[in-house]
Amino acid sequence: MESYVAFVIAHPLVSAMIQFALLGTLGDVIAKWIIEKKVSAPFGFGTLLLKMLEWAFLAILIKYAFSGFNGFVDKLVADGMLPELSGPMRAFAVSTTMNLQFGPFLVLMHRLLDNMVAGVKNWANLDKGFMSLLWFWIPAHTVTFSLPKPYQIGLAALWSVALGVILGFYNRQKTSPQ
């Protein structure tokens, strides 16, 4: 674990890109397996690489947001706009401000990139993506921001796998009884 922490501290953007490229893409693959009700190679090699690049790019945005919204909450506290916060309450404040302000942009950017990778124009059900900010990402990132900084991006990437599983079950086509 020490080498992981050392790598994350020494290479914050690269480590974020690697973790999201692997885990975010894994979440996409697992979601497809669940939706299709079979374990297969749901994407061709080229699409898989593009999805990994998509997740790596999103990781950069996420890493900057993690840092920026920590500073944002610190500034709100310093300006007397929020009370002194610590522990879970501070984590909740960072998670809430980030997901309500940066989250909608990320949902749109993620969909835009998904559309580009798939070569489609699918803007259906964006409301569900926006709602996930409230029911999934605010609580998940409250836990994330409760951890020491070197572990935060790794957990965020793991949350992407968890949401992929949840959305896979949610989007699975119901089979009619035979």
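What follows is calculated from the coordinates using simple rules that are stated; it is not laboratory data. From a predicted model like this one, the values you see are computed outputs, not experimental measurements. Quick reminder, even Gly has a Cβ in these numbers, built from the backbone with ideal geometry, and neighbours come from all protein chains shown.
The number of residues in segment 70-83 being in contact with a helix residue (DSSP H, G or I) (Cβ under 6 Å, 6 or more places away or on another chain) and surrounded by fewer than 16 Cβ atoms within 10 Å (Cβ to Cβ) comes to 0. Put simply, of 15, 67, 95 the only residue that is surrounded by fewer than 16 Cβ atoms within 10 Å (Cβ to Cβ), under 19 Å from residue 159 (Cα atoms) and either more than 20 Å from the chain's Cα centre (by Cα) or among the small types (Gly, Ala, Ser) (or both) is 67. How about segment 104-127: which of its residues are touching a residue at least 12 places away in the same chain (Cβ under 8 Å), out of contact with any Gly (no Cβ under 8 Å at 6 or more places or on another chain) and surrounded by 13 or more Cβ atoms within 10 Å (Cβ to Cβ)? Scanning segment 104-127 gives 104, 106, 108, 109, 113, 114, 117, 118, 126.
Filtering segment 19-35 to residues that are surrounded by fewer than 18 Cβ atoms within 10 Å (Cβ to Cβ) and either out of contact with any Gly (no Cβ under 9 Å at 6 or more places or on another chain) or not in a helix (DSSP H, G or I) (or both) leaves only 22. Residue 46 meets the conditions (1) under 20 Å from the mean Cα position of the chain (by Cα); (2) under 17 Å from residue 113 (Cα atoms) in every case but one. The failed one is (1).
If I filter segment 134-170 down to residues being without any contact (Cβ under 8 Å) to a residue 40 or more places away in the chain and either of a type in the set (S, T, N, Q) or outside any helix (DSSP H, G or I) (or both), which single residue comes out as surrounded by the fewest Cβ atoms within 10 Å (Cβ to Cβ)? It comes out as 148.
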